[in-house]
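Have a look at the structure below before the remarks.
The values are calculated or read from the model by the stated rules, or taken from the named source; none is laboratory data. Keep in mind that this is a model prediction, so the values were computed, not measured. When we count neighbours, we look across all protein chains shown, and the Cβ atoms used for this are built from the backbone with ideal geometry, even at glycine.
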Amino acid sequence: MKSRAKTKGQDSVRPDVTVRMIAPKALMIGVLLLVTGIAACRGIPPLAEQEQLVREGNLVLERVTTRAVVNVWGEPPHYQTKFTQFFVMPDFTMIPASRVALGESPKGWEAGVHAGEGVFFLYPDRGWLLVFLDDRLVYKETLKAEEMRALVEAWAYDDRFKSRLLEGTPLP
């Protein structure tokens, strides 16, 4: 009978067990690389395709940029740029915190939060509020005329209290 005495520096795990553990790990790494590759292929379509989506009224989240919207619909009559917190929903859509009642969270939200420079476009003639983050459409909402009026008034009120430093205007 062979002795299996452990010598210093020798692993106590049998070699056949180690080999069996490598296969599932390699499979998991392969699957992760495949999923990452598929997600990376889902980039922004060319500008002409984005403009066609906007013309058709098909405002696809994460697939339309500010440039495409402005090229098709023109400059928004009302817009605002501000640092914004977003609720990240389980399906990875985002809702600006300013579109949710103060102290509330959107229905179905679990725990994801993201923040960045949000660009808000308001097109009253079309009834749309569009919100962009990193130049991608991340939120869209149809609003009634009175909701738009209230939003424009709130933006005007906020603008009254912006300092020149926030506006990027250099001091004399």
Hits in the range 110-125 (condition: farther than 20 Å from Leu47 by Cβ and either under 13 Å from the mean Cα position of the chain (by Cα) or exposed (fewer than 13 other Cβ atoms within 10 Å of the Cβ) (or both)): Glu110, Ala111, Gly112, Val113, His114, Ala115, Gly116, Glu117, Gly118, Asp125
Options Arg160, Arg164, Arg149, Arg99: the member that is more than 23 Å from Ile44 (Cβ to Cβ), in contact with an Asp or Glu (Cβ under 9 Å, 6 or more places away or on another chain), at pLDDT below 90 and of a type outside the set (Phe, Trp, Tyr): Arg99
Matching residues in the range 55-99 - criterion: being within 19 Å of the chain's Cα centre (by Cα) and β-branched (Val, Ile, Thr): Val60, Val64, Thr65, Thr66, Val69, Thr81, Thr84, Val88, Thr93, Ile95
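For the range 42-74, enumerate the residues that are assigned to a loop (DSSP other than H, G, I, E, B) and either β-branched (Val, Ile, Thr) or closer than 19 Å to Glu117 by Cα (or both).
Matches in the range 42-74: Ile44, Val60, Leu61, Glu62, Arg63, Val64, Thr65.
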